[in-house]
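K.L.:
Dumping the structure here so I can ask a few things about it.
The values are calculated or read from the model by the stated rules, or taken from the named source; none is laboratory data. Given the structure is predicted, the values throughout are model-derived calculations rather than measurements. With ideal geometry, Cβ positions are generated from the backbone for all residues, glycine too; neighbour counts draw on all protein chains shown.
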Amino acid sequence: MMKVRFDRFPGGTMKAVTLSYDDGRIHDRRLVDIMNRHGLKGTFHLNSGKLGQDSYITAEETAALFAGHEVSAHTVNHPHLELIPPERIVMELVEDRQALEELVGYPVRGMSYPFGTWSDQVVTMLPSLGIEYARTVQSHGEFMMPDNWLLWSPTCHHKSMLEYGEKFLAHQPKYSRQSLLYVWGHSYEFENDNNWERMEQFGQLIGNQPDIWNATNAEIVAYMTASRQLRFSVSGTIVHNPTALSIWVGVDGESVEIAAGATVKLA
């Protein structure tokens, strides 16, 4: 009997890398330039209420600057969400989404927690506010996919990106499964620490690798969600993909593409 596993990213790869940066400071400009040159992709969580202020990027440049990446929510004013009334939580997130969507022209469906803090009440509210994923700052040092998209913890802060990048390249999971290197930080930290060369080195190490999928946070969520919508026959040999994304699965250890809308016989 054939073994079918959900263990492949687009292109049949088993490894993915995503970067996640907060606040929308002017140093995002230099960071994006480095990422673009090395084929890296990331998600930038912005406070719409701070755009145009001193040391922050402007609203006018947002769409062009982050083209090819993802703009995501970070609330309008960057409050501790667990310390404000529920009505303010709604306004901080919905108004941030709306303002950012008007700038970039696509739905904003993710966020990172301001100050990295939350409460059970905040997490429970997020789906009703149109939020599909939310990033924490609790690095776990692993290359695993999250159990809960609303409490998505990264692998490491970018201060450790080279160390974990080396480990990631050498990483061979005990069992066939997807591996994700998730790096987070703030672009102004490179400026404050005077270590932009770290980002350049990471790009040279990880970027433009044929066996690594470079993706935004939202692309990973969309792909993983779509993969779980595949429809299999009782025998497991016929699969239909009802989604708009091509999905890859492992079949007896080999990568098989199930194109968007296609029905495929695996045997």
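K.L.:
Can you name the condition, by its number, that N195 falls short on among (1) under 25 Å from E82 (Cβ atoms); (2) surrounded by fewer than 18 Cβ atoms within 10 Å (Cβ to Cβ); (3) out of contact with any Pro (no Cβ under 8 Å at 6 or more places or on another chain)?
P.N.:
That leaves (1) as the condition not met.
K.L.:
Mind checking which residues of the stretch 127-170 are in contact (Cβ under 8 Å) with a residue 60 or more places away in the chain, within 24 Å of V90 (Cα to Cα) and assigned to a helix (DSSP H, G or I)?
P.N.:
Within the stretch 127-170, just W149 meets the criteria.
K.L.:
Find the residue count for the stretch 7-32, including only residues that are in a loop (DSSP other than H, G, I, E, B), buried (at least 21 other Cβ atoms within 10 Å of the Cβ) and among the hydroxyl-bearing types (S, T, Y).
P.N.:
Looking only at that region, the number is 0.
K.L.:
Hey, another quick one. Going residue by residue through the stretch 16-27, is there one that turns out to be more than 22 Å from the chain's Cα centre (by Cα) and touching a residue at least 24 places away in the same chain (Cβ under 8 Å)?
P.N.:
No: zero hits.
K.L.:
Could you list, in sequence order, all residues of the stretch 210-232 that are part of a strand (DSSP E or B) and over 13 Å from F6 (Cα atoms)? Don't jump to the end; show me each part of the working.
P.N.:
Step one: of the stretch 210-232, the residues part of a strand (DSSP E or B) are 212-214, 231-232.
Matches in the stretch 210-232: I212, W213, N214.
K.L.:
Okay, next question. Is it the case that some residue within the stretch 187-203 is in a loop (DSSP other than H, G, I, E, B) and closer than 20 Å to G11 by Cβ? Walk me through how you get there before you give the answer.
P.N.:
Start the filter on the stretch 187-203 by keeping residues that are in a loop (DSSP other than H, G, I, E, B), which leaves 194-195.
Okay, now just the ones that are also closer than 20 Å to G11 by Cβ, so none.
Within the stretch 187-203 (the criterion being in a loop (DSSP other than H, G, I, E, B) and closer than 20 Å to G11 by Cβ), the answer is no, since none of the residues qualifies.
K.L.:
Could you check, for the stretch 53-69, whether at least one of its residues is closer than 26 Å to S128 by Cα and not in a helix (DSSP H, G or I)?
P.N.:
For the stretch 53-69, residues closer than 26 Å to S128 by Cα and not in a helix (DSSP H, G or I): present.
K.L.:
For Y188, indicate whether it is among the aromatic types (F, W, Y), touching a Cys at 6+ places or on another chain (Cβ under 9 Å) and at pLDDT 95 or above. Outline the logic, then answer.
P.N.:
Details: among the aromatic types (F, W, Y): yes; touching a Cys at 6+ places or on another chain (Cβ under 9 Å): no; at pLDDT 95 or above: yes.
Against the criterion (among the aromatic types (F, W, Y), touching a Cys at 6+ places or on another chain (Cβ under 9 Å) and at pLDDT 95 or above), Y188 does not qualify.
K.L.:
Taking the stretch 94-108 as the search range and keeping residues that are farther than 13 Å from A218 by Cβ and in contact (Cβ under 8 Å) with a residue 12 or more places away in the chain, which one is surrounded by the fewest Cβ atoms within 10 Å (Cβ to Cβ)?
P.N.:
G105
K.L.:
Here's a follow-up. Mind checking which residues of the stretch 210-239 are out of contact with any Asp or Glu (no Cβ under 9 Å at 6 or more places or on another chain) and surrounded by fewer than 15 Cβ atoms within 10 Å (Cβ to Cβ)?
P.N.:
Scanning the stretch 210-239 gives P210, D211, R228, Q229, R231, F232, S233, V234, S235, G236, I238.
K.L.:
Scan the stretch 77-93 and report the pairs whose first residue is under 16 Å from L129 (Cα atoms) and whose second residue is at pLDDT below 95, with Cβ atoms within less than 6 Å and a gap of 6+ or a chain change.
P.N.:
Note: no pairs meet the criteria.
K.L.:
Give the stretch 235-267 a look and list any residue that's hydrophobic (A, V, I, L, M, F, W, C), outside any strand (DSSP E or B) and either modelled with pLDDT of 95 or more or within 17 Å of G12 (Cα to Cα) (or both), or say none. Spell out how you get there, then give the answer.
P.N.:
So in the stretch 235-267, the residues hydrophobic (A, V, I, L, M, F, W, C) come out as 238-239, 244-245, 247-249, 251, 256, 258-260, 262, 264, 266-267.
With the extra rule that they be outside any strand (DSSP E or B), the set shrinks to 244-245, 259-260, 262, 266-267.
A244, L245, A259, A260, A262, L266 - these are the residues of the stretch 235-267 that are hydrophobic (A, V, I, L, M, F, W, C), outside any strand (DSSP E or B) and either modelled with pLDDT of 95 or more or within 17 Å of G12 (Cα to Cα) (or both).
K.L.:
Need the failing condition index for N77 against (1) buried (at least 22 other Cβ atoms within 10 Å of the Cβ); (2) part of a loop (DSSP other than H, G, I, E, B); (3) at negative phi, just the number.
P.N.:
Exception for N77: condition (1).
K.L.:
If you go through the stretch 23-74, how many residues are at negative phi and among the small types (G, A, S)? Full working, then the answer.
P.N.:
Step one: filter the stretch 23-74 for residues at negative phi, giving 25-38, 40-51, 53-54, 56-67, 69-74.
When the remaining residues are screened for being among the small types (G, A, S), the result is 42, 48-49, 59, 63-64, 67, 72-73.
Residues that pass the stated criteria total 9.
K.L.:
Here's a follow-up. Given the conditions (1) over 19 Å from W196 (Cα atoms); (2) in contact (Cβ under 8 Å) with a residue 24 or more places away in the chain; (3) over 16 Å from the mean Cα position of the chain (by Cα), which single one is not true for V71?
P.N.:
With (1) over 19 Å from W196 (Cα atoms); (2) in contact (Cβ under 8 Å) with a residue 24 or more places away in the chain; (3) over 16 Å from the mean Cα position of the chain (by Cα) applied to V71, the lone miss is (3).
K.L.:
Is the stretch 33-56 home to any residue that is of a type outside the set (S, T, N, Q), free of Cβ contacts under 8 Å to residues at least 40 places away in the same chain and buried (at least 23 other Cβ atoms within 10 Å of the Cβ)?
P.N.:
Yes, the conditions are met somewhere in the stretch 33-56.
K.L.:
Mind listing whichever residues of the stretch 44-65 are out of contact with any Leu (no Cβ under 7 Å at 6 or more places or on another chain) and closer than 23 Å to N195 by Cβ?
P.N.:
So in the stretch 44-65, the residues out of contact with any Leu (no Cβ under 7 Å at 6 or more places or on another chain) come out as 44-45, 47, 49-56, 60-61, 64-65.
Answer for the stretch 44-65, where residues must be out of contact with any Leu (no Cβ under 7 Å at 6 or more places or on another chain) and closer than 23 Å to N195 by Cβ: F44, H45, S55, Y56, L65.
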